[in-house]
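The structure appears below as structure tokens.
The values are calculated or read from the model by the stated rules, or taken from the named source; none is laboratory data. Bear in mind the structure is a predicted one, so any value in this text is a computation, not a measurement. Here the Cβ positions follow ideal geometry from the backbone for every residue, glycine too, while neighbour counts run over all protein chains shown.
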Amino acid sequence: MRLREAQLRLRELITAASGPDALGREREVGALLRGDRERPAAVRLAVYGHAWLHRIHGALADDFGALARVLGEAAFRELLIAYLRAHPPHRPSLRDVGAMLPEFLAESSAAAALRDRCVFAPDLARLEWALLEAFDAADAAPLPREALAAVPPERWAGLRFAFQPSLQLLTLDFPVDRVRRAHDQEDAALPAALAPLPTRVCVWRSEERVFYRALEPIEAEALARALAGAPFGRLCEGIAARLSEAEAPLRAARLLARWQADGWLARPG
């Protein structure tokens, strides 16, 4: 066997998501690795395989801390093994190893039993991955309050806004921000069940800290329009559909002031 072929086969054995099971492959492993009486080749390979799985388990348990707590150790490990079978990592860094986990939880038949056990797990995974992405997102200069104050009245209707690259607006079926909040506050017990409730959660980073909060429908709709490039006048029209034409500009101005204070708005590039 050529060196490259041997290396690839060793990688397959070490990274087998169910554990290397090397003890059942003594003949093949013996042709790839040297062993001795104390540690046969299959045992040596098993050490590497279990270490590989343990390291990824630790990384994903950190990235999806609330999910790991809600599912419990055994179920989270079961999820990890099924996920790695479907999406084995292809990069040396562990940064992106969990990128497909929310989609896997939501759509894969291999995760159906876990979805039945915890129906809000896919939404919770989406929120937690968004927190990680926000932390690593690019920076942009914040828009100072003075810049908004300097806008002439006649320009407000057509004014469009730029947002921080870290900002995401999530559309979820469950209020999983409550679960993550309990996890962040180190509550002894996390909610084991949630009733379905359409929820919009904004995730962003400000001054090296990641924040998130659920939005009321008026704010969520206005933010969605603004992110899509709608001008301030369109935001007011959308708010007026829920309130009144008289109330809409003031409510929109208050929302805009909060977005600026929270650091969502960026100076146009």
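Values as computed for the structure displayed
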| item | result |
| --- | --- |
| Every residue from the stretch 221-247 that is small (Gly, Ala, Ser) and within 18 Å of TRP259 (Cβ to Cβ) | ALA222, ALA224, ALA226, ALA228, GLY229, ALA230, GLY233, GLY238 |
| Number of the exception - PRO196 against (1) modelled with pLDDT of 95 or more; (2) more than 14 Å from LEU167 (Cβ to Cβ); (3) crowded, with 16+ Cβ neighbours inside 10 Å | (3) |
| Candidate set: the stretch 229-263, residues that are among the acidic types (Asp, Glu) and surrounded by fewer than 14 Cβ atoms within 10 Å (Cβ to Cβ); chosen: the one nearest to ASP177 (Cα to Cα) | GLU247 |
| Check on ALA16, modelled with pLDDT of 90 or more and either on the phi < 0 side of the Ramachandran plot or in a helix (DSSP H, G or I) (or both) | no |
| Those residues of the stretch 228-250 which are out of contact with any Leu (no Cβ under 6 Å at 6 or more places or on another chain) and outside any loop (DSSP other than H, G, I, E, B), in sequence order | GLY233, ARG234, LEU235, CYS236, GLU237, GLY238, ILE239, ALA240, ALA248, PRO249, LEU250 |
| Qualifying residue in the stretch 166-178 (condition: assigned to a helix (DSSP H, G or I) and touching a residue at least 40 places away in the same chain (Cβ under 8 Å)) | yes |
| The stretch 144-193, subset of a type in the set (Phe, Trp, Tyr) and at pLDDT 95 or above, residue nearest to LEU71 (Cα to Cα) | PHE174 |
| ARG213 vs. criteria under 18 Å from ALA130 (Cβ atoms), of a type outside the set (A, V, I, L, M) and crowded, with 17+ Cβ neighbours inside 10 Å | no |
| Candidates ALA220, ALA266, ALA226 - the one that is buried (at least 16 other Cβ atoms within 10 Å of the Cβ), out of contact with any helix residue (DSSP H, G or I) (no Cβ under 7 Å at 6 or more places or on another chain), in contact (Cβ under 8 Å) with a residue 60 or more places away in the chain and in the same structural domain as HIS183 (by TED's automatic domain parsing) | ALA266 |
| Condition met for ALA182 (touching a residue at least 60 places away in the same chain (Cβ under 8 Å), out of contact with any Phe, Trp or Tyr (no Cβ under 7 Å at 6 or more places or on another chain), in a helix (DSSP H, G or I) and not hydroxyl-bearing (Ser, Thr, Tyr)) | yes |
| Any hit, the stretch 207-214, residues being touching a helix residue (DSSP H, G or I) at 6+ places or on another chain (Cβ under 6 Å) and either among the polar types (S, T, N, Q) or over 24 Å from ARG95 (Cα atoms) (or both) | yes |
